[in-house]
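> If you scroll down you'll find the structure; I have some questions about it.
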Amino acid sequence: MNELQKISICDGINLYYIQDDKYKTVSVSMCLHRPVSRGEVTKNSLLAGVLKAGTGKYPAMKDINRHLEKLYGTAYDITVSRKGGTQTLTATFSVIDEKVAGENVLPDVFDMMFEFMFNPATENGGFVKKIVQTEKKNLKESIEGIINDKRAYASIRCLEEMCKDESAGISEYGYVEDLEQIDEKNLYEHYSSIITESPIDIFVVGMCDIDSVAKNLTEGFSKIQFNIASANFDIVKADSAGNNNVEEKFDVVQGKLVMGLRTFTDFKDDLYYPLLVGNSIFGAGSHSKLFNNVREKSSLAYYVSSKLDKYSEIMLISSGIEFANFERAKTEILNELDKVVAGDFTAEEEEKGKRFLISQFRSYYDNPYAMKDFYLGQMLYGEICTVEEVVDKINKVTKEQITEAFSKIVLDTVYFLKGRE
């Protein structure tokens, strides 16, 4: 249960099956992978909305919804995400289990999946102009709306300043200025160039006849002429830390202090799990040093936490503070970091840190999408462990390994969003 079974469909296209009988649905995802590129992230983000809005056979949302209702209310979505040097366009379908429905509708769901991804609604040699215009407006509003969430905005700005020539510095959702140059014709040209040249992975989570699914997919993909090219999905990242201090002013009443640090430890490194446990002790929850000492005891932050980007070797420390507490908060946060480096944490703190992580990983069992994402994140870069194997690695972490991992961490960028004077 929950182990990953891999079936090769053809060159560059693989099927992954995660068998689990606890769900009443079967989750199916088709993931198309692109190297992260400043020049195409906006087009790929826009594609998600355009492909979702209509197909050749079902050109309008009313047609799509009518057909999905016949498939016992199958739900679907098309999204874009980024992991390291890979941007992934994903079509996801959630279909009722055969035992509950009394019939197998998976073949029809796969037909819909192919329809969305390989037979989009078109006109005059391009996408439907009205759909593209609508989705451009939606994406523009979504990107511009990020600034309204100052907590998220501050983290994005810190990464932009810290990682100007790196994968992590490229927006996951795209750029408003790039949208102006995109129309229904050049977007369709981009789609046509990537749809048959990009690696594809299909994930199925739940209970099904996987051999029948593999046969169904093989037949479907055999009707399409693929020329999947070898692409560079390497993660562009710095090999040394910078020394950046950035300040921006807005009409806000609460300051946002974000610190970007280089861990120099990625998820394939022997010290990755010690780094993960150390981060849990340091700032990953209400049990952490940052929460209890900086927020609770010192009252220097409204919120404060740290998180890791396991692909880009980055730690982000995010906090909301009074403007006048900038120096004190920064100093105290770094003092707590130094404590972990020095091994100044108890066995109880270490145990709480491990329990927090184990609970987090085991929660994936309850969510088929989280389980798919867990395996996808590993599979992209050739490192596959089950949840229980990860739990075992966490339990084996020692205090000495934690201090060794944290001794490699270096502060790179300090970003402060403050009020106007």
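> Which ones in the range 397-416 are surrounded by fewer than 17 Cβ atoms within 10 Å (Cβ to Cβ) and within 16 Å of Phe267 (Cβ to Cβ)?
The answer is Lys408, and nothing else.
> Which residue out of Ser212, Ser198 is in a loop (DSSP other than H, G, I, E, B), in the same structural domain as Arg34 (by TED's automatic domain parsing) and farther than 24 Å from Ser319 by Cβ? Quick ask: steps written out before the conclusion?
Working: Ser212 fails: in a loop (DSSP other than H, G, I, E, B).
Answer to the selection: Ser198.
> Name the strands (runs of 3 or more DSSP E) wholly within the range 1-87 that hold at least 2 residues that are touching a Gly at 6+ places or on another chain (Cβ under 7 Å)? Show your work before the answer.
Working: elements: 4-10, 13-19, 25-35, 75-83.
In the range 1-87, the matching strands (runs of 3 or more DSSP E) lie at 25-35.
Quick grid of which residues meet (1) at positive phi; (2) among the small types (Gly, Ala, Ser):
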| site | (1), (2) |
| --- | --- |
| Val341 | no, no |
| Gly377 | no, yes |
| Gly382 | yes, yes |
| Leu411 | no, no |
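> Still on this structure: So which residues in the range 20-37 are at pLDDT below 95 and of a type in the set (S, T, N, Q), if there are any at all?
Once the filter is applied, which keeps residues that are at pLDDT below 95 and of a type in the set (S, T, N, Q), the range 20-37 yields Thr25, Ser37.
> Further question on the same structure: For the range 129-186, give me each residue that is farther than 25 Å from Ile78 by Cβ and of a type in the set (D, E, K, R).
Lys150, Arg151, Arg157, Glu160, Glu161, Lys164, Asp165, Glu166
> Still on this structure, please answer the following. Of the residues Lys99, Lys137, Lys130, only one is closer than 24 Å to Gly39 by Cβ and either outside the structural domain of Gly377 (by TED's automatic domain parsing) or in contact with a Lys or Arg (Cβ under 8 Å, 6 or more places away or on another chain) (or both); which? Lay out the reasoning, then the answer.
Numbers: Lys99 fails: closer than 24 Å to Gly39 by Cβ; Lys130 fails: closer than 24 Å to Gly39 by Cβ.
Within the list Lys99, Lys137, Lys130, the selection yields Lys137.
> On to the next question. Looking at (1) among the acidic types (Asp, Glu); (2) outside any helix (DSSP H, G or I); (3) in contact (Cβ under 8 Å) with a residue 60 or more places away in the chain; (4) in contact with a Lys or Arg (Cβ under 8 Å, 6 or more places away or on another chain), which is the one condition that is false for Glu115?
Every listed condition holds for Glu115 apart from (2).
> Ok, one more. Condition first: of a type in the set (Gly, Ala, Ser) and either more than 26 Å from the chain's Cα centre (by Cα) or closer than 26 Å to Lys24 by Cβ (or both). Now tell me which residues in the range 81-108 satisfy that. Step through it out loud before you land on a result.
Residues of the range 81-108 of a type in the set (Gly, Ala, Ser): 81, 84-85, 91, 94, 101-102.
Those that are of a type in the set (Gly, Ala, Ser) and either more than 26 Å from the chain's Cα centre (by Cα) or closer than 26 Å to Lys24 by Cβ (or both): Ser81, Ala91, Ser94, Ala101, Gly102.
> Out of Met207, Met259, report the one residue that is within 30 Å of Gly419 (Cβ to Cβ) and either at pLDDT 95 or above or within 27 Å of the chain's Cα centre (by Cα) (or both). Before the answer, list the steps.
On the way: Met207 fails: within 30 Å of Gly419 (Cβ to Cβ).
Answer to the check: Met259.
> Out of the residues in the range 359-396 that are in a loop (DSSP other than H, G, I, E, B) and either touching a strand residue (DSSP E or B) at 6+ places or on another chain (Cβ under 7 Å) or among the aliphatic types (A, V, I, L, M) (or both), which is surrounded by the fewest Cβ atoms within 10 Å (Cβ to Cβ)?
Ile384
> Still on this structure, I have one more. Starting from the range 376-397, keep only residues that are outside the structural domain of Gly85 (by TED's automatic domain parsing), then list their pairs with residues that are modelled with pLDDT under 95 and charged (D, E, K, R) whose Cβ atoms are within a distance under 7 Å, requiring at least 6 positions of separation or different chains.
Gly377/Lys83; Leu380/Lys83; Glu383/Lys268; Thr386/Glu3
The values are calculated or read from the model by the stated rules, or taken from the named source; none is laboratory data. What you are looking at is a predicted structure, and each value in this text was computed from that prediction instead of being measured. Quick reminder, even Gly has a Cβ in these numbers, built from the backbone with ideal geometry, and neighbours come from all protein chains shown.
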